1. How large is the charge dipole for region 1-109, taken about the Cα centre, if only the Cβ atoms of Lys, Arg (+1) and Asp, Glu (-1) carry charge, to the nearest 20 debye?
2. Tally the DSSP beta bridges in the chain and give the antiparallel ones as a percent, rounded to 5.
3. Run the numbers for Lys216 and Ser77: contour at 0.36 nm per residue of separation, minus the present Cα-Cα distance, in nm.
4. At 1.4 Å probe size, with every protein chain present, just tell me what the per residue accessible area of the chain comes to in Å².
5. Can you compute the modelled spin-label distance between Leu155 and Arg179, with each label point 7 Å from Cα toward Cβ, in nm?
6. Do the alpha carbons of any pairs in Lys21/Lys222; Lys142/Lys222; Lys6/Lys222; Lys87/Lys222; Lys76/Lys124 sit beyond 31 Å of each other, and which pairs?
7. I want the local charge near Val44. Using Cβ-Cβ distances under 12 Å, sum +1 for each Lys or Arg and -1 for each Asp or Glu among the other residues.
8. Can you return the aspartates and glutamates within cross-link range of Lys180? Criterion is Cα-Cα under 16 Å, with same-chain partners fewer than 8 residues away left out.
Amino acid sequence: MLGGEKCLCCSRATLAVPLCKNCIPLLTDSHTTETCSVCGRVLVSEIGRCSLCRDSPVLSSVDRAFSLHSYHLWKKSLLFAWKFEDKRNLSAYFAAVVLQKLRAIESEEGMRIPVVPVPPRPGKIKNRGWDQIDELCFYLEKGWNVRVLRLLERLSRSQQKKLDRVQRLDAMGSSYRLRKRRVISRLLPQLPPAVLILDDVLTTGATVESCACQLKTLGIQKIFSLTLFIVD
């Protein structure tokens, strides 16, 4: 009845969530590893910026990108279970770690920062019944009173995970756009000085850069991005 699970990290038996009580802190505790000042990738031998951001930078409209975990090993399996096996009981845990990082960024900046979710593919919610970023925003908005601004819409129906790096970069600028002006006016009676773009995985950075470019046209001064995982 409780849906027995196995911890994806240590393989211990659990109840409803595929993480045991001993391994949940590995997800919720913030790492202190030095990261790239631009994209948020963990630095190995570099100082300040990673080699990708030095040689072929993608994030120019994003003032700072943050990622919570590297996308490998059991964390990769955890994301797969959440997104593709519909383990939606993980949503509350992911929302909690997003909130923790958001509050830390707000503390540094000295202001509350609204969240702008990366929108799903057209028809995704209708076909699958839910979208992972939309569900995170539900918890943030209803549970912790975070201001969520749904300012963007997605044009492309293709899945980003099926595109290679070159294809992702080629599609940059044509995948997302601002919603209609009357919707923007209703959602933004007053322009916030900063917003945070929320997504699940940062691979090349093309998605958050595309979204940031659109948001910059509104006159928003600072744009941050936060992803649960980063491919490094």
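1. Values: 14 positive and 11 negative charges, 83 e Å.
So the dipole magnitude of region 1-109 works out to roughly 400 debye.
2. On the way: 6 of 24 bridges.
Within the chain, antiparallel bridges account for around 25 percent of the total.
3. Values: separation 139, 0.36 × 139 = 50.04 nm, distance 3.45 nm.
Length gained, Lys216 through Ser77: 46.6 nm.
4. Values: 12080 Å² over 232 residues.
Normalised by residue count, the accessible surface of the chain is 52 Å².
5. My value for the distance between the label points is 1.9 nm.
6. On the way: Lys21/Lys222 37 Å; Lys142/Lys222 25 Å; Lys6/Lys222 42 Å; Lys87/Lys222 34 Å; Lys76/Lys124 22 Å.
Pairs exceeding the cut-off: Lys21/Lys222; Lys6/Lys222; Lys87/Lys222.
7. Numbers: positive: Arg41; negative: Glu34, Glu46, Asp232.
Once positives and negatives cancel, what remains is -2.
8. Glu153
The values are calculated or read from the model by the stated rules, or taken from the named source; none is laboratory data. This is a predicted model, so every value here is computed, not measured. Note that each Cβ is placed from the backbone with ideal geometry, even for glycine, and that neighbours are counted across all protein chains shown. What goes into the accessible areas is simple: the full protein's heavy atoms, side chains included, and nothing from ligands, DNA or RNA. Shrake-Rupley method; radii C 1.70, N 1.55, O 1.52, S 1.80 Å.
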